[in-house]
Amino acid sequence: MSKSLSAWLLGGVLLPVLAFAGPTPADNVQAAIDWARQQPSAQQTHPNSASAPLIIAHRGASGYAPEHTLAAYALAVLQGADYIEPDLVMTRDGQLVARHDNELGLTTDVAQRPEFAERKRTQTVDGVSLEGWFSEDFTLAELKTLRAIERIPQHRPGNTRFDGQFEIPTLQEIIDLAKRLEASQQRVIGLYPETKHPTHFQRLNLAMEEPLLATLKRNGYDSAEGPVYIQSFEVDNLQKLSKLTAIRLVQLLWVEGQPYDQQVLGSGLGYQQMITPEGLKNIARYASGIGPEKGMIIPRDAAGNLTEPTSLVRDAHAAGLKVHPYTFRAENAFLPTRLRNGSEPAAHGDIDAELRTFLATGIDGLFIDQPDIAVRLRQQR
């Protein structure tokens with residue numbers, strides 16, 4: 001365990017936070033923990049580790065349960081993940097909830113709810129026209145009546161057996177879950193929230209930055225030493241956050257195009273410019289790390305196989321930035337061609353080989369849908 005994590009546990013922070021974060025009314029938190037403990041992929045005990053890389057559960061253990069549910073987060077912790085990642089969107093009444101997008105049709109049963117049929121509409125989000133049901137059109141109470149479904153059933157048909165079982169969690173519920181598991185696991189559980197569509201929500205007078213910081217601070221997360229990172233694909237909101245908090249920030253990166261806020265501003269700043277040595281130095285002025293798409297570290301050739309690493313990890317480290325690439329997934333559909341196991345897209349291939357190749361580049365952490373696999377590999381190193 002690192003010094004900062006030891007300080008978090010031993011320096012008097014954990015107990016006050018636990019005292020604040022009591023059970024939710026229906027105790028969804030304990031129900032999720034009880035569910036996770038019954039799953040075959042849950043490890044009941046595992047050693048604390050101070051070694052790199054950080055293992056960040058991408059949307060929870062989303063390879064085993066519908067993403068962004070308390071069940072998926074609890075399972076990820078029991079599998080040994082260091083951090084759990086909630087993507088955050090806003091409700092109409094200004095509440096922070098965990099969904100990958102503000103459009104709800106792919107991850108909830110809203111399309112089967114006749115009482116919400118009239119809420120379906122078309123709008124532009126980050127410059128793209130989308131049809132569906134949007135979080136900003138629902139109060140938290142209304143969202144709590146929906147149930148999560150598997151986002152990619154064609155690749156994870158086994159997860160569909162859990163469709164309809166789990167609610168949409170609030171950020172506070174996720175924090176309550178982390179704190180309760182910290183107590184039972186006797187180790188730190190980190191939070192890695194992402195602000196989704198920040199410019200979009202700012203235009204709706206539903207800006208999430210200050211509510212996010214207020215919720216984190218209320219629960220004891222308000223320093224660079226706390227086990228929390230805030231991430232975003234946009235630049236302006238991270239720069240504003242850097243002036244409001246000491247919490248570590250991570251600039252997410254995509255392989256092409258521009259951050260949406262930079263499109264709106266007409267700045268001309270694109271992701272490829274941001275990964276140059278000079279661009280990385282600029283990021284280091286407001287952020288502690290970068291979260292690149294993994295192909296920016298090791299690209300694939302035309303046949304879909306891994307090639308040689310780029311200089312991105314080395315250049316980022318030279319700028320003083322941590323590197324946490326996304327997203328590692330065990331299914332054939334997401335693996336390099338030579339590492340696939342047969343032709344069935346949902347079958348698991350040789351993700352161990354992919355992970356070892358990326359770990360050799362010196363990355364500091366990674367986002368993964370099956371945290372137990374990365375935990376096992378880290379323990380073997």
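The values are calculated or read from the model by the stated rules, or taken from the named source; none is laboratory data. All figures in this text were calculated on a predicted structure; none of them were measured in a lab. FYI the Cβ positions are ideal-geometry reconstructions off the backbone, even for glycines, and counts take in every protein chain you see. Just so you know, the surface numbers come from the protein's heavy atoms only, side chains and all, with ligands and any DNA or RNA stripped out. Shrake-Rupley method; radii C 1.70, N 1.55, O 1.52, S 1.80 Å.
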Apply the Debye scattering formula to the stretch 259-348, with a single equal point scatterer on each alpha-carbon and no solvent, then give log10 I(q)/I(0) at q = 0.11, 0.13, 0.19, 0.23 Å⁻¹. -0.42, -0.56, -0.91, -1.09
With a probe of 1.4 Å, find how much accessible area the stretch 272-381 has per residue, and write the answer as a whole number in Å². 43 Å²
Packing-wise, with mean Cβ within 10 Å as the measure, how do 362-369, 121-128, 333-340 rank, highest first? 362-369, 333-340, 121-128
9 Å beta-carbon shell around ASP350, net charge (K/R +1, D/E -1): 0
Placing unit charges on C-beta atoms (Lys and Arg positive, Asp and Glu negative, everything else neutral), compute the dipole magnitude of the stretch 33-192 about its Cα centre in debye, rounded to 20. 420 debye
How much accessible surface area, in Å² rounded to 10, belongs to the heavy atoms of ARG300 with a 1.4 Å probe? 90 Å²
Output needed for the stretch 296-351: three equivalent-ellipsoid semi-axes, defined as square roots of 5 times the C-alpha gyration tensor eigenvalues, in descending order, whole Å. 27, 13, 6
Can you send over the carbon and sulfur percentage of the accessible area for the stretch 260-349, probe radius 1.4 Å, protein chains only? 50 percent
Given +1 on the Cβ of Lys and Arg, -1 on the Cβ of Asp and Glu, and no further charges, what dipole in debye does the chain carry about its Cα centre, rounded to the nearest 20? 800 debye
If you average 1/r over all unlike Cα pairs in the chain and invert the result, what Kirkwood radius do you get in angstrom? 21.1 Å
Using a 1.4 Å probe on the protein chains only, how many percent of the accessible area of the stretch 47-170 belongs to carbon and sulfur? 51 percent
Once fully extended, how much extra length lies between LEU130 and THR307, figured as 0.36 nm per residue of separation less the alpha-carbon to alpha-carbon distance? 60.2 nm
